[in-house]
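Have a look at the structure below before the remarks.
Every number here is computed from the coordinates shown, using simple stated rules; none is lab data. Here the structure is a predicted model, which is why all the values come from computation and not from measurement. With ideal geometry, Cβ positions are generated from the backbone for all residues, glycine too; neighbour counts draw on all protein chains shown.
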């Protein structure tokens, strides 16, 4: 089993002008420590308007910085929001490929459809159609990034003429694809589509084993890939704060993990939020909190090892550490991670090589069958796209088109002249 780390970039109120600067600079240092101690994956979310809970709104920028301060760690979008209202598929393809190039082929491409009202309606994305948007966008983005040229598409939520989107990624046909999973149904959905399952839920080893077995059974028997390749892997979240004294670890870590869960529920389930005014931390401190699973890795190195071993025995491919939540301090996070590197991670890193080899051999025939069902991109030679002046000239022979072309040409020249003279007419 491999170990990853999760960057939600939380910053509870009250805020100062330097808080976000400090948060991002500290997060880059956590990534550096993670890379040094053997953490295999860095996952950064894409969220919008979720004050205090997540300030990770431009993960492609943050992950680019991480890629330049690390050498071995995989660079993961956990996740890119795929409905076109958030991100045009061609722009996602461009960003994923560019990040893969600057990271020297280390990108993991996680995808998601989004769920909170404050985000969806902020970008005018229809809640009832977001799954259909996700399906259309993910399928076509995988084709865009891997084809030369993309033959074009006319869909319900996204349409685009033939274009060759550049650059192309290092990893062919595209980086490994994942999808965010919050329950068993989305986990099964991931398996059917040949996607890695990013399980952002806390659970014990017994429950995890059930999910893992179900995922791989479906992958082996019922996988029709949505992408141009498959990525049979399961990653699961675990709240972490490590100290040799269990009481110190819990004093430092429990509240932050509780805030992570409570603030997420505020935006997704029970909250009434006034943008720019609601104080989540203040409301959290007054709330009656439900019992929370997933705190067994908040404790001593022995506690963390025991929790990780249980997930490993359940067949999990990766545990993602939620190493920052609520008002965790930078010093406490650094101390926790250094201790994890010294006393917890080495045994899992060592065993993973053998596990990966066994898994590859076991799944090889099923992967071959799944890849035979990939919806291949047809090879096309698109029609030439003429520049506007050539287009106007081409249609100048017909009366109607000539008038339109002359008007368009004249308007263009006038606008250019106005811009050059600095006298642009608003009309």
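Would you mind calculating the gained length between residue 335 and residue 278 on full extension (0.36 nm times residue separation, minus the Cα-Cα distance), in nm to one decimal? Show your work: numbers first, answer last.
Details: separation 57, 0.36 × 57 = 20.52 nm, distance 3.23 nm.
Difference between extended and current length: 17.3 nm.
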message: At a 10 angstrom cut-off on C-beta neighbours, averaged per residue, how do the peptides 99-105, 84-90 rank from highest to lowest?
response: 84-90, 99-105
message: Run the simple label-point estimate for residue 302 and residue 222 please: 7 Å along Cα→C-beta, distance reported in nm.
response: 4.4
Tensor-based shape of the stretch 35-175 (alpha-carbon gyration tensor, a/c under 1.5 rounded, otherwise prolate or oblate): oblate
field: 10 Å-binned pair-distance histogram of the stretch 263-404 (Cα, whole percent)
entry: 8, 19, 17, 16, 14, 12, 9, 5, 0
field: Spacing of the two label points (7 Å from each Cα toward its C-beta) at residue 293 and residue 117, in nm
entry: 2.8
statement: Taking Cα atoms, the helix 345-371 axis meets the longest principal axis of the chain at an angle in degrees (rounded to 10) of 50
- prompt: Tell me, how many Å apart are the Cα centres for the stretch 94-118 and for the stretch 227-294?
  reply: 23
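What FRET efficiency comes out for residue 270 versus residue 57 if R0 is 30 angstrom and r is the Cβ-Cβ distance? Round to the nearest 0.05.
E(calc), rounded to 0.05, equals 0.85.
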- request: Would you mind checking the tilt of helix 59-69 against the longest principal axis of the Cα atoms of the chain, expressed as 0 to 90 degrees and rounded to 10?
  value: 60
- request: Please find, in a Gaussian network model of the chain (springs between Cα atoms separated by less than 10 Å), the residue of 267, 388, 328 whose mean-square fluctuation is greatest.
  value: 388
task: Provide the gained length on full extension for the span residue 154 to residue 20, in nm with one decimal, where the gain is 0.36 nm per separating residue minus the Cα-Cα distance.
output: 44.1 nm
- prompt: According to a simple spin-label model (label point 7 Å from Cα along Cα-to-Cβ), what is the distance in nm between residue 361 and residue 210?
  reply: 3.2
message: Roughly how far apart, in whole Å, are the Cα centres of the stretch 37-81 and the stretch 297-372?
response: 18
statement: Checked against the structure, the computed Cα Rg over 2.2 N^0.38 Å among [x] 1.11; [y] 1.01; [z] 1.16 is the one labelled [x]
message: Once R0 is set to 22 Å, what does the formula 1/(1 + (r/R0)^6) return for the Cβ-Cβ distance between residue 353 and residue 72, expressed as a FRET efficiency to the nearest 0.05?
response: 0.95
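Can you order the peptides 355-367, 69-81 by their average number of other Cβ atoms within 10 Å per residue, highest first?
On the way: 355-367: 12.8, 69-81: 22.3.
Highest to lowest by the protection proxy: 69-81, 355-367.
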- prompt: Could you work out the helix-only [θ] at 222 nm for the chain, with each DSSP H run of four or more residues adding -39,500 (n - 2.57) and the total divided by the number of residues, to the nearest 500 deg cm²/dmol?
  reply: -15500 deg cm²/dmol
field: the chain: angle of helix 205-222 to the longest principal axis, Cα-based, in degrees nearest 10
entry: 40
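What does the C-alpha gyration tensor say about the overall shape of the stretch 214-274? Classify as rounded when a/c is under 1.5, otherwise prolate if a/b is larger than b/c, or oblate. Don't skip to the end; give the middle numbers.
Values: a/c = 3.85, a/b = 1.65, b/c = 2.34.
It is oblate, given that a/c is not under 1.5 and a/b is not larger than b/c.
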